[in-house]
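Working notes for the structure below.
The values are calculated or read from the model by the stated rules, or taken from the named source; none is laboratory data. Small disclaimer: the values here were computed from a predicted structure and weren't measured. Cβ coordinates were reconstructed from backbone atoms using ideal geometry, including for glycine residues, and neighbour counts include every protein chain displayed.
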Amino acid sequence: MTVALEIKNLHVSVNDQPILKGVNLLIREGEIHALMGPNGSGKSTLAYTLAGHPAYEPTAGQVIFDGKDLLEMEADERSRAGLFLAFQYPVAVPGVTLAKFLRQAINSRRQAENPDDKGISIPEFRRLLKEKMAMLNIDPKFAGRYLNDGFSGGEKKRAEILQMATLEPKIAIMDETDSGLDIDALRIVAEGANRLHETNNMGVLVITHYQRILNYIKPDYVHIMLDGRIVESGGPELALQLEEKGYDWIRAKYGAAEEA
Amino acid sequence: MTGFSKEAVEKLSAVLNEPAWMREFRLQAWEVYEKTPMPTTKDEAWRRTDIRRLKLDEIGPALNGFDASGVDVPAYLGEQLTADKAGGVLVEVDGVVQHYELSDALKEQGVIFCDMHTAVREHEELVKKHFMTEAVKVTDGKFAALHGAFWRGGVFLYVPKNVKAAAPLHSALWSAHGKTFTHTLVVLEEGAEAIFIDEYASGQGDAPGLHNGVIELLVRDNASLTYAGLQDFGQNVWQFNHERARVGRDARLEWVTSMMGTRLTKAFQTVELDKPGAWARMSGVFFTTDRQHVDLDTQQNHNASDTVSDLLYKGALKGKSRSVWQGMIKVLPGSQRIDGFQANRNLMLDRTSRADSIPGLEIEADDVRCTHASTVGKLDEEEVFYLMSRGIPRHTAVQMVVQGFFDPIMARIPIEGVRERIFSRILEKLG
């Protein structure tokens, strides 16, 4: 059975302020979805809510991931279950190297399955990390640097994809991974995601403002979010339409309904 | 129960069967003690540390002789921390020797490493010359005077001129009766080198305990000392320490301090950079929990030109604990080309803890580069969430963030075993 992420009528508040107002979305393993929408429409709120950030409070609705109630799970359980969020703004953790962090992330998975697991051996981990870093064109020196500390915007995004490639999630949410990336970096990052999609049948939710990344990660479905709801869904042509016409026609079409 | 008195000084000196000069020294220290008022929060150095609840005479001095051989000392104390096997190991219980060894290689080099009382008897001239004469003095404060009068136990390390000690030295001082007055005296003659780990610990007791210690580190010209003082007393112990190092021409001091235990600690730690080329690095770690109170007063005195001092103290706090760090860099007039750095960083793990961080500079010269930094921050929940979002359970994520906080200070500690010891205590205290 394939893994699916099913979001049903999800309402989320931040500081008692409703942001998501009934989101419905179904992403199956192996599918690529794009979520687009203007600033402030709730795209990142959806991403953080799915990842389990404590500041985002679901007030109604349900999220089913791989048959389980996602909203009942802690952030770490969600990750171990196979959900991954590539953050728009990855946090720096000074004093913790990228290598140490990734090794702990792998070992936490292994130990959750088998409490007696001794963890990945250092040579095995080195091999794995080296391979993934080469794939994403990341300087091996990064392994010894403090996590995201002093990384440039592009380096942070690449480090996110490195984590994704190492942890091999079933469904990944990429929150504005394209912002701050030049075209070469964008291509490398997209190739990394595509490879996971092809080899592991990873499902992807690409959150973006711009059509550009969708030239590299080709979506099966495109959704448009406005004021905390998905108002329009379609195929890849919807993204092209947005690129051409902007968001005003969406606002005109659905903003009026909001007033009524 | 015996309190502190002149009679008690005499009794202690008799129990220890000391030479007359030491008895005289103690009596003079007692006179200073009697003349010195008990510090109160009206004294600047004690403003943040209230000791009104300390009933000194109810604790009293450690006067009696006893047999230390039957006392259980935890196995970790004195166990090898250095990569090379220690050439000298000394384990004391309340100032009485329980275990002692010194390698032939060190003996042949003329290295003296023994308990302080043996030193007073067998190396009288050396002790007389250096014991509370130029580093810590009995006039340094009420508790320096009390120590001068009632010191008991501790360790003496002497490395002769141009001798590089063949192996590290290690002492572990365990307190079974809750009151210790240990004295550490280290003398490195010109061009000498040594690595010395000095541990202090006790179990958890109910009755109030006392540690009134002095540490003196004399690092002569061209000498190089690595000294790690690791304190881990029970939370019933009041600790009052005076610690001072003197660093000579082109000499180096690597001074590591770890403070994990006690109910209350007030420690004065001073480095005197006496001659050009003197270099000192002070690295301190503390972790307070429950109702612990740690107050560290550090001073870097640049008494000569071309001297370098670099201090970094990092602390984590939990529960209703409190820390105070008060640092001072002093540069004497006429001292030029000074490099002085001090930083104190604190990590609050609970809202109920409190850290005060007060850097200070007193510079009376022009060509100096002195900088200071101090921060008090909370555990960053965004960092914890980020780690959790990759499948790391909360408990481990918090451990990693705390470990990350201490990483820069750990990187300064030159002995891996010491780093591991400190870090494992941090994890234990983190819970």
Return yes or no: is A:TYR89 over 15 Å from the mean Cα position of the chain (by Cα) and either hydrophobic (A, V, I, L, M, F, W, C) or surrounded by fewer than 22 Cβ atoms within 10 Å (Cβ to Cβ) (or both)?
no
Is it the case that A:GLY61 is over 19 Å from B:GLN399 (Cα atoms), within 13 Å of chain B (Cβ to nearest Cβ) and not acidic (Asp, Glu)?
no
Per the filter on the stretch B:408-431, residues closer than 19 Å to B:ILE195 by Cβ and either acidic (Asp, Glu) or within 7 Å of chain A (Cβ to nearest Cβ) (or both) are B:GLU416, B:GLU420
Return the only residue of A:LEU46, A:LEU35, A:LEU26 being touching a helix residue (DSSP H, G or I) at 6+ places or on another chain (Cβ under 9 Å) and of a type in the set (A, V, I, L, M, F, W, C).
A:LEU35
If you scan the stretch B:2-44, which residues turn out to be among the aliphatic types (A, V, I, L, M) and either under 25 Å from B:ARG121 (Cβ atoms) or modelled with pLDDT under 95 (or both)?
B:ALA8, B:VAL9, B:LEU12, B:ALA14, B:VAL15, B:LEU16, B:ALA20, B:MET22, B:LEU27, B:ALA29, B:VAL32
Please find, within the stretch B:395-407, the residue that is farthest from A:GLY52 (Cα to Cα) out of those that are facing chain A (nearest Cβ under 7 Å) and free of Cβ contacts under 8 Å to residues at least 40 places away in the same chain.
B:ASP407
B:GLY213 within 23 Å of B:ARG322 (Cα to Cα) and surrounded by 23 or more Cβ atoms within 10 Å (Cβ to Cβ):
yes
List every residue pair whose Cβ atoms sit under 7 Å apart, with the two residues 6 or more apart in sequence or on different chains, where the first one lies in the stretch A:90-119 and is more than 8 Å from every other protein chain (Cβ to nearest Cβ) and of a type in the set (Lys, Arg) and the second, anywhere, is surrounded by fewer than 18 Cβ atoms within 10 Å (Cβ to Cβ) and outside any loop (DSSP other than H, G, I, E, B).
none
Would you be able to tell me the number of residues in the stretch B:205-232 that are more than 12 Å from the chain's Cα centre (by Cα) and either within 22 Å of B:MET132 (Cβ to Cβ) or part of a loop (DSSP other than H, G, I, E, B) (or both)?
12
Name the single residue, out of those in the stretch B:371-389 being more than 14 Å from chain A (Cβ to nearest Cβ) and of a type in the set (A, V, I, L, M, F, W, C), that is surrounded by the most Cβ atoms within 10 Å (Cβ to Cβ).
B:VAL376
Selection count where residues are among the polar types (S, T, N, Q) and farther than 21 Å from B:PHE406 by Cα, scope the stretch B:266-309
7
Is the stretch B:350-361 home to any residue that is touching a helix residue (DSSP H, G or I) at 6+ places or on another chain (Cβ under 8 Å), surrounded by 23 or more Cβ atoms within 10 Å (Cβ to Cβ) and assigned to a strand (DSSP E or B)?
no
Taking the stretch B:376-422 as the region of interest, how many residues are closer than 30 Å to B:GLN80 by Cα and either of a type in the set (D, E, K, R) or within 23 Å of the chain's Cα centre (by Cα) (or both)?
19
Kindly evaluate A:GLU155 against the criterion of being surrounded by fewer than 23 Cβ atoms within 10 Å (Cβ to Cβ) and within 11 Å of the chain's Cα centre (by Cα).
no
